[in-house]
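Novice: Mind having a look at this structure? Questions to follow.
The values are calculated or read from the model by the stated rules, or taken from the named source; none is laboratory data. The model shown is predicted, which means the values in this text are computed figures rather than measured ones. No Cβ is skipped: glycine too gets one built from the backbone with ideal geometry, and neighbour counts run over all protein chains shown. Ligands, DNA and RNA are excluded from the accessible area calculation, which covers all protein heavy atoms including side chains. Shrake-Rupley method; radii C 1.70, N 1.55, O 1.52, S 1.80 Å.
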Amino acid sequence: MKKNNIYYSLFFVFATTMLWSCCSSKPKEYVVSEDILINQVAYPVQGNKYALLRLDASDFSLNDADGNIVFKGKTGPWKKWDLSGDSTRIADFSKFSTAGEYSIVVNDTLCSYPVVISERPYDSVGKAALKAFYYNRSNMEIEEKYGKEWSRKGGHSDTVVYIHKSAASASRPEGSVISSSGGWYDAGDYNKYIVNSGITTYTLMLSYFLNPEYHHNLNVSIPESENDIPDILDEVLCNLNWMLTMQDFKDGGVYHKLTTKNFDGFIMPDQVTAKRYMVGKSTSAALDFAATMAFASRIFKDVNGQQKIASQFKERAQLAWEWAKLNPNNYFLNPSDITTGEYKDTSLVDEWFWAASELYLTTGNADYKEVLVRNKEKVNTPKWDVVNTLGFISLITSDKAEEFVSLQEEYLDFVNLLLLQDQQSAYSVSVGEMAWGSNSDVANQGVLKQVGYNLTQDEKYQRSAQNDLDYLLGRNATAYCFVTGFGNKTPMNIHHRPSGADGVDKPVPGFLVGGPNIIVLNDCGDEVQRSLFPAKSYIDMQCSFSTNEIAINWNAPLVLLASSINAHVN
Ligand code: 9MR
């Protein structure tokens, strides 16, 4: 992994208007400009294809690798984005639909990075995004056969986990030891957190639920690829099995997290020595666990040979729910001796709604319906601490959907609003703020649009979801393709411990970085300046935990988005 480099970061700050070296269009040489923003992975043959120009040009052309002009067009009107502080105009080449490699040429001097048009544009990025979960498995060796240059020894067997005093109970007193193996590391750190695992695991199962045929045919080369379960469900099972160990089945309570006291350094997982603890049972963990397990039981009951575990998921979900009812106000706060991720949430109405929705769909018990009706809030963009829309999605796509017609209307009203925001936006996205993990908000809005498409078969939803993917893959204000291992300008120095410590130059592939925001401007020290425009405030340095970390809950919507578009573009 490259060392953090201050010159590199300073260069980035001033690079927004800089021109890069030549692209290879012949017979004429053009200079690549990052003011011609494109999806650097690929565009579908059928569907929307456009670049965004930050240049004053009224015409553009699409040239093939030999320099021949294959399409000419006019650019659209300027649109401004307050979040990026700049303006763009559209260069639309949707009408051109021949697969191949091209570039956009402007003013007869400047060109874009290569524009790829393909029948199956997101196969590789979708596979890599799912494979990233395998790379982040906590307890097992990543074998060379599957992990290539990113193979590594196993770490964190988590067979010896100490009960922290915040989690002590009569049967498991402080300092007693339990085993809690498996699951994924949460992010660039090595800890495992139930709240974040819940939404992540749900989103991957939703990807399967929406696109079963696509996932049945998808092989991402993991140790379980040869069994008869789709790889995405094998991956999910690794985490579900770990989640089960996070429940104290004596009382149904679910520990909030399994963690070291402080974050480990940038060392390989097999080198770490710090003790791991089970910390605090929380209401949010119990409800997210209940929701995820209830959905898992519906998914796995129809999977070959998985009926037994499916009914276990259901029982455990109910057990967690009962605990939450008895302990509705166990809001998690880090104990004074623990400094790792807190995942603090003081408003749990949405968690009650989500868990009640999943349990109602799984059991048919009207008591849960009564709770969900009472706790319904407005549709919004899902996040680890904002989960009511996950309940909406499950209800309106279920076999009980006719009981929830008004929820479907509310849902589509919200998604239609997102589409309007996309049309008005200079960067063709619906986000109105840049949060920590802003890229996952873009991806999750793409997920909402894809669900809209599944419900209605109306192409407009899919087109707007495609815009979200285009943004993530390079058509954004930083000109980065935000997925490791993809694009011409790609993150190299992610805040991810194995990528930082493995001695391999390239980061582990398939990870979506958190992306721009201005929440913590000095994570690399005061001497490293970032843009004050939120949508440009991203830096490819390992120290930038606030913009350049990766996380399982950010990758899951990328998997769904790429898989769904892949499944439907052809
Ligand atoms: O995704 C989380 C973000 O919403 C919070 O603002 C941020 C600070 O509390 O934490 C993020 O989650 C991190 C977690 O606490 C620890 N593992 C890495 C996660 C991604 O940064």
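Novice: For ASN380 and GLU213, FRET efficiency with R0 = 41 Å and r from the beta-carbon atoms, rounded to 0.05?
Specialist: Working: r = 30 Å, r/R0 = 0.74.
Between GLU213 and ASN380 the formula returns 0.85.
Novice: Say the dipole of segment 162-242 comes from +1 at the beta carbon of Lys and Arg and -1 at that of Asp and Glu; which of ILE178, ASN219, LEU233 then lies farthest toward its positive end?
Specialist: My answer, from the dipole projection, is ILE178.
Novice: Something else: Which one, ALA535, GLY525, TYR453, projects farthest toward the positive side of the charge dipole computed for segment 446-570 from Cβ point charges (K/R +1, D/E -1)?
Specialist: Farthest along the dipole direction, towards plus: TYR453.
Novice: Heavy atoms only, probe 1.4 angstrom, no DNA, RNA or ligands counted: give me ILE69, ILE393 ranked by accessible area, highest first. Write out the running numbers ahead of the final one.
Specialist: Working: ILE69 95, ILE393 0 Å².
Heavy-atom accessible area, descending, gives ILE69, ILE393.
Novice: I want the local charge near ASP251. Using Cβ-Cβ distances under 13 Å, sum +1 for each Lys or Arg and -1 for each Asp or Glu among the other residues.
Specialist: On the way: positive: ARG172, LYS250, LYS281, ARG316, LYS325; negative: ASP248, GLU322.
Summing Lys and Arg as +1 and Asp and Glu as -1 gives +3.
Novice: In deg cm²/dmol, rounded to 500, what helix-only [θ] at 222 nm does the chain give when every DSSP H run of at least 4 residues adds -39500 (n - 2.57) and the total is split over its residues? Each step should come with its number before you reach the end.
Specialist: Details: 16 runs with 210 residues, N = 570.
Value at 222 nm, helices only, nearest 500: -11500 deg cm²/dmol.
Novice: According to a simple spin-label model (label point 7 Å from Cα along Cα-to-Cβ), what is the distance in nm between GLU342 and LYS308?
Specialist: Here the modelled spin labels are 4.3 nm apart.
Novice: Dipole magnitude of segment 318-397 about its Cα centre, charges +1 at Lys/Arg Cβ and -1 at Asp/Glu Cβ only, in debye to the nearest 20?
Specialist: Computed about the Cα centre, the dipole is about 260 debye.
Novice: Rounded to whole Å and sorted largest first, list the principal axis extents of the Cα atoms in the chain.
Specialist: 77, 53, 44
Novice: Under 12 Å Cα to Cα from LYS369, which aspartates and glutamates show up? Leave out anything in the same chain fewer than 8 places away.
Specialist: Cα-Cα hits under 12 Å: GLU358, GLU403.
Novice: Can you sort VAL177, VAL429, VAL504, VAL70 by 1.4 Å-probe accessible area, starting with the largest?
Specialist: On the way: VAL177 75, VAL429 0, VAL504 25, VAL70 55 Å².
Accessible-area ranking of VAL177, VAL429, VAL504, VAL70, largest first: VAL177, VAL70, VAL504, VAL429.
Novice: Express the relative contact order of segment 76-153 as a whole percentage, based on alpha carbon pairs under 8 Å and six or more residues apart in sequence.
Specialist: Details: 60 pairs, mean separation 11.3, N = 78.
It rounds to 15 percent for segment 76-153.
Novice: Okay, next question. Just subtract the alpha-carbon distance of ILE267 and LYS165 from 0.36 nm times their residue separation and send over the number in nm, one decimal.
Specialist: Details: separation 102, 0.36 × 102 = 36.72 nm, distance 2.77 nm.
Computed gain between ILE267 and LYS165 is 33.9 nm.
Novice: Using a 1.4 Å probe and counting only protein heavy atoms, arrange LEU390, LEU83 so the residue with the most accessible area comes first. Each step should come with its number before you reach the end.
Specialist: Values: LEU390 5, LEU83 30 Å².
So the residues, ranked largest to smallest area, are LEU83, LEU390.
Novice: Using 29 Å as the Cα-Cα cut-off, could you pick out the over-long pairs in LYS165/LYS325; LYS80/LYS131; LYS49/LYS536; LYS400/LYS449; LYS79/LYS131?
Specialist: Working: LYS165/LYS325 23 Å; LYS80/LYS131 37 Å; LYS49/LYS536 23 Å; LYS400/LYS449 21 Å; LYS79/LYS131 37 Å.
In this structure, LYS80/LYS131; LYS79/LYS131 lie more than 29 Å apart at Cα.
Novice: Treating the beta-carbon of each Lys and Arg as +1 and of each Asp and Glu as -1, no other charges, what is the dipole magnitude of the chain about its Cα centre, to the nearest 20 debye? Spell out each step's value before the answer.
Specialist: Details: 51 positive and 67 negative charges, 85 e Å.
Around 420 debye, computed over the chain.
Novice: Right, another one. Give the long-range amide H neighbours of ARG276: residues separated by 5 or more places, or on another chain, with amide H under 5 Å away, using H modelled in the peptide plane at 1.01 Å from N.
Specialist: Close amide H contacts, sequence-distant or interchain: TYR162.
Novice: Would you tally the net charge around GLY510, using a Cβ to Cβ cut-off of less than 11 Å, leaving GLY510 out, and scoring K and R as +1, D and E as -1? Walk me through the numbers on the way to the answer.
Specialist: On the way: positive: LYS127, LYS131; negative: none.
Net of charged neighbours comes to +2.
Novice: Farthest toward the dipole's positive end in the chain, which of VAL303, TYR30, ASN63, given Cβ charges of +1 (Lys, Arg) and -1 (Asp, Glu) about the Cα centre?
Specialist: TYR30
Novice: Once label points are set 7 Å from the Cα along Cα→Cβ at both TYR331 and SER151, what is their separation, rounded to one decimal in nm?
Specialist: For TYR331 paired with SER151, the spin-label model returns 5.0 nm.
Novice: Using R₀ = 22 Å, calculate the FRET efficiency as 1/(1 + (r/R₀)^6) where r is the Cβ-Cβ separation of LYS72 and LYS460; round to 0.05.
Specialist: Numbers: r = 27 Å, r/R0 = 1.21.
Working from the Cβ atoms, E equals 0.25.
Novice: Net charge within 10 Å of SER225 by Cβ-Cβ distance, Lys/Arg positive one each and Asp/Glu negative one each, not counting SER225 itself? Provide the component values of the computation, followed by the final result.
Specialist: On the way: positive: none; negative: GLU224, GLU226, ASP231, ASP234.
Spelling it out: positives minus negatives among the neighbours equals -4.
Novice: At R0 = 35 Å, how high is the FRET efficiency between SER176 and GLU433 if r is their beta carbon distance? Nearest 0.05 is fine. All intermediate terms of the calculation are to be shown ahead of the outcome.
Specialist: Values: r = 44 Å, r/R0 = 1.26.
E between SER176 and GLU433, to the nearest 0.05, is 0.20.
Novice: Still on this structure, please answer the following. Can you send over the solvent-accessible area of LEU130, 1.4 Å probe, protein chains only, in Å² to the nearest 10?
Specialist: It works out to around 0 Å².
Novice: Excluding residues fewer than 8 places away in the same chain, name every one of the aspartates and glutamates whose C-alpha is closer than 13 Å to that of LYS383.
Specialist: LYS383 reaches ASP288, ASP345, ASP350, GLU351, ASP441.
Novice: Extension gain ALA366-GLU322, at 0.36 nm per residue separation less the Cα-Cα distance, in nm? Intermediate results must be reported in sequence, preceding the final value.
Specialist: On the way: separation 44, 0.36 × 44 = 15.84 nm, distance 1.53 nm.
Residue separation times 0.36 nm, minus the Cα-Cα distance, leaves 14.3 nm.
Novice: Quickly work out the VAL31-to-ASN227 label distance, labels modelled 7 Å from Cα along the C-beta direction, and quote it in nm with one decimal.
Specialist: 5.6 nm
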